[in-house]
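Encoded as structure tokens, the structure appears first; notes follow it.
The values are calculated or read from the model by the stated rules, or taken from the named source; none is laboratory data. This structure is a prediction, so every number in the text was calculated from the model and none was measured. Cβ sites come from the backbone with ideal geometry, for glycine too, and all protein chains shown count toward neighbours. Please note that ligands, DNA and RNA were not included when accessible areas were found on the heavy atoms of the full protein model with its side chains. Shrake-Rupley method; radii C 1.70, N 1.55, O 1.52, S 1.80 Å.
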Amino acid sequence: MIVPLQGAQMLQMLEKSLRKYLPESLKVYGTVYHMNHGNPFNLKALVDKWPDFNTVVVRPQEQDMADDLDYYTNTYQIYSKDPQNCQEFLDSPEVINWKQHLQIQSSQSSLNEAIQNLANIQSFQANHSENILFAASETIKTLFPSLLDTKNLSPGSGKPKAINQDMFKLSSLDVTHAPLVNKFWLFGGNERSQRFIERCIKKFPSSCVLGPEGTPASWTLMDQTGEMRMGGTMPEYRAQGLVSFVVYSQSQIMKKRGFPIYSHTDKSNTAMQKMSYSLQHLTMPCAWNQWKCVPV
């Protein structure tokens with residue numbers, strides 16, 4: 001059975017229900033939160049039954065997925081209470097269009113078995129990457145307080161050092177900055193990723209510091225799941241604390257709007273892990289997962 005959740009009431013019920021399963025449901029929870037606040041990416045949510053669902057998939061509308069090769073747009077967020085038994089639901093072409101290049105994001109590594117099984121059945125290749133998931137201590141305190149272990153918090157205020165305000169100016173990103181963000185984004189560097197970045201800059205709040213030339217020296221923005229992503233600093237301005245200043249500024253904007261504050265970091269990126277720790281962002285017991293799926 002496939003139930004599309006239509007109307008504000010059903011989506012608000014879904015958001016409330018997903019809160020009970022945080023942090024494993026974080027990727028989907030953040031996306032549904034956005035859907036309940038204007039749905040700027042025009043997404044839809046599908047469940048296997050209602051109201052007592054097992055699996056929820058959030059995805060774009062069919063008409064927005066016209067480019068079969070654009071796995072930035074063709075992105076699905078999945079949460080399942082029963083990862084061992086969600087395969088049949090995910091196999092349906094109305095839920096996921098396996099004929100396209102796509103990506104799946106989830107805070108559940110346990111979905112890997114079902115996705116790899118489907119890869120064999122539907123004949124596509126699924127490359128799984130698993131990264132460290134961070135959430136701000138304030139988000140943990142508000143949404144899943146039982147996980148807030150204060151002895152894991154960094155000492156101090158969790159605020160960044162002040163920046164040289166004669167040299168740098170706090171601002172937000174402009175669409176004209178998209179090529180720069182795209183150039184430094186690990187997952188980017190192509191035309192489709194640039195279009196995705198432009199869309200994120202237009203739809204969501206972002207933060208940057210402008211250097212003396214008036215262009216971004218360091219930046220971060222957020223995507224349709226409410227996650228802070230695509231952060232970067234120009235090589236000549238690294239190791240000056242700019243990224244922690246930008247991430248802190250962005251998290252203040254998100255906090256005011258009630259967004260969950262979370263991000264992910266590659267396991268090898270110790271500099272960003274240290275920075276997250278200094279801002280009192282904690283590692284989650286679950287991981288940030290991405291499956292990049294390509295038809296064979």
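Compute the distance in nm between two label points, each set 7 Å from the Cα along the Cα-to-Cβ direction, one at LYS161 and one at ASN127. Label-label distance for LYS161 and ASN127, simple model: 3.7 nm.
Figure legend: label point modelled 7 angstrom from the Cα of ASN152 along Cα→Cβ; residues of the range 1-37 with amide N under 11 Å from it are 23.
Annotation: per residue accessible area for the range 49-189 equals 50 Å², rounded to a whole number [probe 1.4 Å, protein chains only]. Protein heavy-atom accessible surface, 1.4 Å probe, per residue over the range 194-234: 28 Å². For the range 251-296, the solvent-accessible area of protein heavy atoms averages 48 Å² per residue (probe radius 1.4 Å; ligands and nucleic acids excluded). Taking 7 Å steps out from each Cα toward its Cβ at PHE184 and LYS292 produces label points 2.1 nm apart.
Overall dimensions of the range 158-279, expressed as equivalent-ellipsoid semi-axes from the Cα gyration tensor (√(5λ), whole Å, largest first), are 19, 17, 15. Fully extending the segment from TYR277 to GLN12 would add 92.2 nm, taking 0.36 nm per residue of separation and subtracting the current Cα-Cα distance. Output the relative contact order of the chain, whole-number percent, from Cα pairs under 8 angstrom with separation of 6+ residues. The value is 24 percent. May I ask you to derive the FRET efficiency for SER172 and GLU236 from their Cβ-Cβ distance with R0 = 25 Å, giving the value to the nearest 0.05? For R0 = 25 Å, the calculated efficiency reads 0.70.
Given a 1.4 angstrom probe, I'd like the percentage of the accessible area of the range 3-131 that is carbon and sulfur, rounded to a whole number. Let's see the in-between values first.
Values: 2400 of 5400 Å².
The computed percentage sits at 44.
When the listed pairs LYS16/LYS81; LYS99/LYS203; LYS16/LYS49; LYS141/LYS255 are checked against a 18 Å cut-off, the alpha-carbon distance exceeds it for LYS99/LYS203. Can you compute log10 of I(q)/I(0) for the range 3-131 with the Debye formula, treating each Cα as one identical point scatterer, at q = 0.11, 0.15, 0.22 Å⁻¹? Relative scattering, expressed as log10 I(q)/I(0), comes to -0.35, -0.66, -1.50. Each peptide in 18-24, 115-121 was scored by the mean count of other Cβ atoms within 10 Å over its residues; highest first, the order is 18-24, 115-121.
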